[in-house]
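*Asks:* Here you go, one structure.
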There are 2 protein chains.
Amino acid sequence: MSHTYRYPRPALTVDIVVFGLDAEDLQVLLIERDGKPFRGQWALPGGFVDVGESPDDAARRELEEETGLSEIFLEQLYTFGNPGRDPREHVVTIAHYALVNLNEHDVKASSDARNAAWFSINDLPKLAFDHSEILKVALDRLRAKVRYQPIGFELLPKKFTLRQLQHLYELILDRELDKRNFRKKVLATEIVKETNQFEKDVAHRAARLYRFDQRKYDRMTKQGFNFEV
Amino acid sequence: MSHTYRYPRPALTVDIVVFGLDAEDLQVLLIERDGKPFRGQWALPGGFVDVGESPDDAARRELEEETGLSEIFLEQLYTFGNPGRDPREHVVTIAHYALVNLNEHDVKASSDARNAAWFSINDLPKLAFDHSEILKVALDRLRAKVRYQPIGFELLPKKFTLRQLQHLYELILDRELDKRNFRKKVLATEIVKETNQFEKDVAHRAARLYRFDQRKYDRMTKQGFNFEV
DNA sequence: CCAAAAGTGTTACTCCTACACCCATGT
DNA sequence: ACATGGGTGTAGGAGTAACACTTTTGG
């Protein structure tokens with residue numbers, strides 16, 4: 001079946017910048033292209049928006065189809081629509097960004113034949129289309145956003161040490177933070193609660209584990225906060 | 001001529017929330033619809049994105065066609081694409097917002113037969129489609145943005161008094177500000193320069209006129225600043 | 001007992017906030 | 001001379017930034 005319109009329409013897609021965190025680096029999830037153009041190059045996961053489907057739903061669907069990731073933090077980023085960005089035709093893409101905790105989500109579950117892999121944001125391959133630009137905008141957004149909304153927590157496991165949280169902020173903001181001031185600031189927000197559990201199997205004093213206060217977290221995500229670490 | 005695609009595509013439009021400022025209120029520019037659906041209701045200016053045209057260009061073109069406004073500050077806001085937002089078919093719209101100085105731009109120049117008018121944001125009519133929601137998001141964005149980027153200046157004439165600037169901030173943020181602290185803060189940014197001109201024809205001491213320092217303005221627009229008035 | 005990271009307070013400084021009076025101009 | 005808004009300074013408080021040592025644990 002084919003579809004006819006009175007006027008031509010740009011194609012509409014979604015692309016998703018998925019950020020993850022390992023011990024070393026902030027990472028991005030990329031897909032190896034198997035079709036033209038840019039065959040064999042790495043690209044952001046994404047695909048067409050179906051008629052009758054919201055862009056947000058399309059982003060979640062594509063992400064699950066291509067990488068197996070579901071039920072993660074996902075937000076709209078920006079819409080890119082310069083006519084030259086896809087050599088085949090005019091394709092407008094609604095870019096999103098997502099945050100996942102690598103310990104609790106496994107990307108190998110991908111049902112798609114295509115190759116998916118994590119790359120450090122400090123060591124990225126050349127990307128297809130204008131995806132480098134999209135990634136840059138996503139990173140800028142992430143950096144700006146952690147300063148006034150507690151979204152960074154989405155990248156950590158449910159229970160985490162304050163050092164892990166600090167490390168996350170250091171990776172995102174790309175600078176070192178003072179340990180004492182950081183702890184004071186985080187605890188002052190009351191967004192984390194201490195547990196009675198501790199790290200295991202470390203060759204030094206074990207750090208206390210904390211978890212989010214979901215009620216405070218939700219309130220602060222809506223209202224915003226000032227976290228000028 | 002008609003156009004056939006293998007898969008159906010959502011329609012793609014732009015809508016623009018144009019903010020203006022008069023002595024009393026923050027205003028929004030609306031268009032009276034003359035076609036179905038929502039005939040006779042007020043709506044945001046906007047229209048279809050042509051193939052081969054960037055969304056940004058489409059927004060500028062539609063704005064000029066419908067209201068005569070050109071060469072104004074315009075930025076992408078958010079893309080709205082819930083399938084139910086237009087009763088005819090699935091229409092995805094890339095919403096933008098624009099800021100204009102009402103003294104230097106005249107909306108009567110509209111070449112389009114449709115009726116265009118300014119409305120106070122405190123006294124809005126019922127809007128077509130999901131345009132009330134778009135307007136709300138635009139207003140939230142404007143409020144958030146004036147705190148860290150000097151975009152509010154776009155709403156003022158080239159030369160203005162500090163009282164006008166303060167009034168603008170009070171209208172956008174919807175609260176009163178302290179005159180002395182506001183002046184200190186603005187002058188400390190060095191984004192405005194004093195001129196040797198003064199207000200005319202006022203029945204009291206004439207206020208000094210200021211203008212932007214364009215170099216500082218551009219730098220701060222890019223880098224952001226903290227303007228927690 | 002050594003290595004490694006956890007955990008903890010104080011001080012100086014900067015920035016923000018609150019607040020009231022005199023000045024210049026036109027009528 | 002009076003009415004109207006223009007223009008100015010200071011003091012107290014809050015928050016930020018800089019900084020070093022002791023504690024706990026495993027090997």
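*Asks:* Would you report the distance distribution of C-alpha pairs in the protein assembly as shown as whole percents per 10 angstrom bin, up to the bin with the largest distance?
*Replies:* 4, 17, 25, 25, 18, 8, 2, 0
*Asks:* Which of the lysines could a cross-linker bridge to A:LYS136, judged by Cα under 22 Å and excluding same-chain residues fewer than eight apart?
*Replies:* A:LYS126, A:LYS145, B:LYS145, B:LYS222
*Asks:* P(r) for the range A:150-223, please, calculated from all Cα pair distances in 5 Å bins and given in %.
*Replies:* Distribution as computed: 3, 14, 26, 27, 20, 8, 2, 1, 0 percent.
*Asks:* Hey, quick one: spin label on A:ALA117, modelled 7 Å out along Cα-Cβ, who in the range A:36-57 has an amide N within reach, i.e. under 12 Å?
*Replies:* A:41-43
*Asks:* Return the value, in Å² to the nearest 100, of accessible area buried between chains B and A (probe 1.4 Å, both sides summed).
*Replies:* 2600
*Asks:* Taking H placed 1.01 Å from N in the peptide plane, check which residues at least 5 places from A:VAL49 or on another chain put their amide H under 5 Å from its amide H.
*Replies:* Distant-sequence amide H within range of A:VAL49: A:LEU12, A:THR13, A:VAL14.
*Asks:* To continue, here is another question. On the full set of protein chains, 1.4 Å probe, figure out the accessible area of B:SER132 and give it in Å² to the nearest 10.
*Replies:* 70
*Asks:* Packing-wise, with mean Cβ within 10 Å as the measure, how do A:3-10, B:94-101 rank, highest first?
*Replies:* Per-residue Cβ counts within 10 Å, averaged per peptide and sorted highest first, yield B:94-101, A:3-10.
*Asks:* Using Cα springs under 10 Å in a Gaussian network model of chain B, which residue among B:ALA116, B:ALA43, B:ALA206 shows the largest mean-square fluctuation?
*Replies:* With Cα springs under 10 Å in chain B, the top fluctuation among B:ALA116, B:ALA43, B:ALA206 is at B:ALA206.
*Asks:* Report, in debye and to the nearest 20, how large the dipole of the range A:150-223 comes out about its Cα centre when Lys and Arg carry +1 and Asp and Glu carry -1 on their Cβ.
*Replies:* Value, rounded to 20: 320 debye.
*Asks:* Looking only at other chains, what is the average number of their beta-carbon atoms within 10 angstrom of each beta-carbon in A:144-150?
*Replies:* Counting other chains' Cβ atoms within 10 Å and averaging over A:144-150 gives 1.
*Asks:* Based on DSSP H runs of at least 4 residues, each adding -39500 (n - 2.57), what is the mean residue ellipticity at 222 nm of chain A after dividing by all its residues, to the nearest 500 deg cm²/dmol?
*Replies:* Value at 222 nm, helices only, nearest 500: -8500 deg cm²/dmol.
*Asks:* What's the carbon and sulfur percent of the range A:1-122's accessible surface, probe 1.4 angstrom, rounded to a whole number?
*Replies:* Carbon-and-sulfur percentage of accessible area, whole number: 46.
*Asks:* If you don't mind, another one. Select from the range B:1-39 all residues whose loss of accessible area on going from the chain by itself to the full protein assembly reaches 20 Å² or more (probe 1.4 Å).
*Replies:* Those are B:MET1, B:SER2, B:HIS3, B:THR4, B:TYR5, B:ARG6, B:PRO8, B:ARG9, B:PRO10, B:LEU12, which lose 20 Å² or more relative to the chain on its own.
*Asks:* Moving on. Note the distances from B:SER120 to each other copy's matching label point, with points 7 Å along the Cα-to-beta-carbon direction, in nm, sorted shortest first.
*Replies:* Those label-point separations list as 5.9 nm.
*Asks:* Still on this structure, please answer the following. What average count of beta carbons from other chains do you get within 10 Å of the Cβ of residues in A:90-97?
*Replies:* Going residue by residue through A:90-97 and averaging, the value is 3.
*Asks:* Name the long-range amide H neighbours of B:PHE19: under 5 Å, sequence gap of 5 or more, or other chain; modelled H, no Pro or chain starts.
*Replies:* B:ALA98, B:LEU99, B:VAL100
*Asks:* Let me ask something else about it. Over the range A:150-223, what percent of the accessible surface lies on carbon and sulfur atoms, probe 1.4 Å?
*Replies:* Reported share for carbon and sulfur atoms: 45 percent.
*Asks:* Which of B:VAL192, B:VAL202, B:VAL49 moves the most in a Gaussian network model of chain B with Cα springs under 10 Å?
*Replies:* Among B:VAL192, B:VAL202, B:VAL49, the largest mean-square fluctuation in the Gaussian network model of chain B belongs to B:VAL202.
*Asks:* Tell me the angle of helix B:179-189 to the major Cα principal axis of chain B, expressed in degrees between 0 and 90 and rounded to the nearest ten.
*Replies:* 80
*Asks:* Here's a follow-up. Give the average, rounded to an integer, of partner chain Cβ atoms located within 10 angstrom of each Cβ in B:50-56.
*Replies:* Going residue by residue through B:50-56 and averaging, the value is 6.
*Asks:* OK, next. Whole number in Å², please: accessible area per residue of the range B:1-146, 1.4 Å probe, ligands, DNA and RNA not counted.
*Replies:* 44
*Asks:* Taking only Cα atoms, what is the 0 to 90° angle, nearest 10, from helix B:131-145's long axis to the longest principal axis of chain B?
*Replies:* The angle comes out near 30 degrees.
*Asks:* Now for a different question. Remind me, relative contact order of chain A in percent, using alpha carbon pairs under 8 angstrom and six or more residues apart?
*Replies:* Reported as a whole number, the value is 20 percent.
*Asks:* Under a GNM of chain B (C-alpha, springs under 10 Å), which listed residue has the highest mean-square fluctuation: B:PHE153, B:PHE73, B:PHE19?
*Replies:* Fluctuation is largest for B:PHE73.
*Asks:* Using each residue's phi in the range B:67-72, evaluate 6.51 cos²θ - 1.76 cosθ + 1.60 at θ = phi - 60° and report the 3J(HN,Hα) Karplus result to the nearest Hz, with x for Gly and Pro.
*Replies:* Karplus-based 3J(HN,Hα) across the range B:67-72 equals 9, x, 7, 8, 6, 10 Hz.
*Asks:* To the nearest 10 degrees, how steeply does helix A:214-223 sit against the main Cα axis of chain A, on a 0 to 90 scale?
*Replies:* Result, in degrees: 60.
*Asks:* What's the extension gain from B:LYS200 to B:ARG141 if we count 0.36 nm per residue and subtract their Cα-Cα distance?
*Replies:* 17.8 nm
The values are calculated or read from the model by the stated rules, or taken from the named source; none is laboratory data. Remember, predicted model here, so these are calculated numbers, not experimental data. Cβ atoms come from the backbone with ideal geometry, glycine included; neighbour counts cover every protein chain shown. Just so you know, the surface numbers come from the protein's heavy atoms only, side chains and all, with ligands and any DNA or RNA stripped out. Shrake-Rupley method; radii C 1.70, N 1.55, O 1.52, S 1.80 Å.
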